[in-house]
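The block underneath contains the structure these notes are about, expressed in structure tokens.
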Amino acid sequence: MIALTKPKFFLPVHGEHRMLIKHSQTAQSMGIPAENMVIINNGDVVELTEESIKVAGKVPSGIELVDTSSSGMVSAKVLQERQSMANEGIVTVAAAIDWNGKLLAKPEIHLRGVVTCIELSLLQKLVQQRIEETLSFRWSEFASGSDNGRPEVDWGGLEGILERELMRFLKRELQCQPTVTLLMQIPETPAAKVTDGRRRRTRTAAQVAS
């Protein structure tokens, strides 16, 4: 084809990088000068004039995953969470806390896709102990003053601390890195006093330092 068309410029495409190099060497052996050809990567913009050919820029490229349930793309963060859940499973912990920084009931814990030899009842007991210890030592950092007899509580900050402690604990006890979801139920609070504590946090234990 090169012998028939005798091109002035040459742009090898398709195949691995080493294949593109070999293709360009073939073209050079048939008389096309090296300065009249370019080796490009996905996304490269090629500028061609009557006298020259060169890479003049780059555009976004690569694999984009589409969620079939919607028209949106699957972001890298969502993909990472899905891979983590598929590989290590998911642990959900639900805990209700009162105005005094105490658990109102035993926390509920649910495991999905997590391989462990620890009985769920024992794991629930250990999780409860960890939450109670954290509340005992850290409550004063997030509760201060009073409003109609109730302390002003930074529920968001408290939730973050509980989340990190649970992830460290579960990573150590389960010997894996499951996705951990903490559902923290807080007392009813006037709208004007609500902080960002009533949230659902989902992270993986791999995101928390040992």
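The values are calculated or read from the model by the stated rules, or taken from the named source; none is laboratory data. These figures come from a predicted structure and were not determined experimentally. Every residue, glycine among them, receives a Cβ derived from its backbone with ideal geometry; neighbour counts consider all protein chains shown.
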Notebook entry, point to check: Scanning the stretch 9-35 for residues that are assigned to a loop (DSSP other than H, G, I, E, B), in contact with a helix residue (DSSP H, G or I) (Cβ under 8 Å, 6 or more places away or on another chain) and among the aliphatic types (A, V, I, L, M), which turns out surrounded by the most Cβ atoms within 10 Å (Cβ to Cβ)?
Noted result: ILE32
Check: Which ones in the stretch 82-115 are touching a strand residue (DSSP E or B) at 6+ places or on another chain (Cβ under 9 Å) and among the polar types (S, T, N, Q)?
Finding: SER84, THR92, ASN100
Margin query: Which of the numbered conditions does SER84 fail, given that it passes all the others? Conditions: (1) buried (at least 17 other Cβ atoms within 10 Å of the Cβ); (2) farther than 15 Å from LEU182 by Cβ; (3) in contact with a Lys or Arg (Cβ under 8 Å, 6 or more places away or on another chain).
Written below: (3)
Notebook entry, point to check: Quick check: is even one residue across the stretch 65-79 exposed (fewer than 14 other Cβ atoms within 10 Å of the Cβ) and in contact with a Pro (Cβ under 9 Å, 6 or more places away or on another chain)?
Noted result: no
Notebook entry, point to check: Restricting the search to the stretch 140-163, which residues are touching a strand residue (DSSP E or B) at 6+ places or on another chain (Cβ under 9 Å) and either surrounded by fewer than 19 Cβ atoms within 10 Å (Cβ to Cβ) or not in a helix (DSSP H, G or I) (or both)?
Noted result: ALA143, SER144, GLY145, SER146, PRO151, GLU152, VAL153, ASP154, GLY160
Next item on the list: Just one of (1) in a loop (DSSP other than H, G, I, E, B); (2) basic (Lys, Arg); (3) within 30 Å of the chain's Cα centre (by Cα) trips up LYS77, so point out which.
Entry: (1)
Next item on the list: Identify, from the list LEU122, LEU135, the residue that is in a helix (DSSP H, G or I), surrounded by fewer than 12 Cβ atoms within 10 Å (Cβ to Cβ) and either assigned by TED's automatic domain parsing to the domain that holds PRO187 or touching a residue at least 60 places away in the same chain (Cβ under 8 Å) (or both).
Entry: LEU122
Next item on the list: From VAL91, VAL46, grab the single residue that is in a strand (DSSP E or B), over 30 Å from GLU173 (Cβ atoms) and touching a residue at least 24 places away in the same chain (Cβ under 8 Å).
Entry: VAL46
Checklist line | Residue match in the stretch 39-49 (condition: in the same structural domain as ILE161 (by TED's automatic domain parsing) and of a type in the set (D, E, K, R)) | finding: no
